[in-house]
Each structure stands twice: as C-alpha cells, then as structure tokens.
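See below for the structure under consideration.
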Amino acid sequence: MGHKPTDSARPSSKYHLITEAQGTPFAAIQTGANRHDVTQLHALVDAIPPIAGKPGRPLSKPRIVQGDRGYDHDKYYRPLHAAAIDTQIARRGEPHGSGLGKTRCVVEHTM
C-alpha cells in the first residue's frame, strides 16, 4: 500500500455526507481526514434542512438512519431514538445478511 495522508502530520480533509434513499444529498460536513465518520453522525442529522414538497409541514428529520457496524454503539442509538428516529445499523459480531448493503451503498455512489 502507498502512503496515506491520514497517517501523517500533513493537513488533509474529508467529507461526511448524509443522503436520502435514492442518493440525493441532504447535508455534508468537512472535517480533518483523521476524523472517523461516526463522529459526525449527529451533526449531519442536525444539519438536514426542512424537506418540503408534499402538502403540510415540512419534514425536519429523517424517519430512519441506516449505517454499518461502525455506528453500532448506544451513544449513537440513544439520541436518534430520543428524537423519534429509527435506526437500521448492522450489529457487530453478527453475520452479514441484513440486506443493508443494498441501500447503504447509495452514499458511496453519491460520493
């Protein structure tokens, strides 16, 4: 493997992104490249603007958040559940097969 900028003292950056189910970006945050994606989860959810389009009050939060095993920790679940946001997060130590890969890859394709 080659040299990775995140392994050195050189400054570099990284984008964290949250999308809707088809890949339309809702919010993006730029941080230092050495920051793990999970550290920006709540900031991204909070950065989602009101979503208009249908009659009535605009949605201001997602109904559900999906994520990989890196997000499998109570400190990420609790605030989302307290805000009435459901989670579909792969569990550590359990075999693959949840089917989440079919929908989670949307973020990677958007990037």
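Scanning the range 21-59 for residues that are free of Cβ contacts under 8 Å to residues at least 12 places away in the same chain and closer than 23 Å to His73 by Cα returns Thr39, Asp46.
Scan the range 9-24 for residues that are in a strand (DSSP E or B) and surrounded by 14 or more Cβ atoms within 10 Å (Cβ to Cβ) and jot them down. Lys14, His16, Leu17, Ile18, Thr19 - these are the residues of the range 9-24 that are in a strand (DSSP E or B) and surrounded by 14 or more Cβ atoms within 10 Å (Cβ to Cβ). Scoring Asp86 on the criteria (1) loosely packed, with under 11 Cβ neighbours inside 10 Å; (2) within 22 Å of Cys105 (Cβ to Cβ); (3) charged (D, E, K, R); (4) modelled with pLDDT of 85 or more leaves a single failure, condition (1).
The values are calculated or read from the model by the stated rules, or taken from the named source; none is laboratory data. Keep in mind it's a predicted model, so treat the numbers as computed, not measured. Cβ coordinates were reconstructed from backbone atoms using ideal geometry, including for glycine residues, and neighbour counts include every protein chain displayed.
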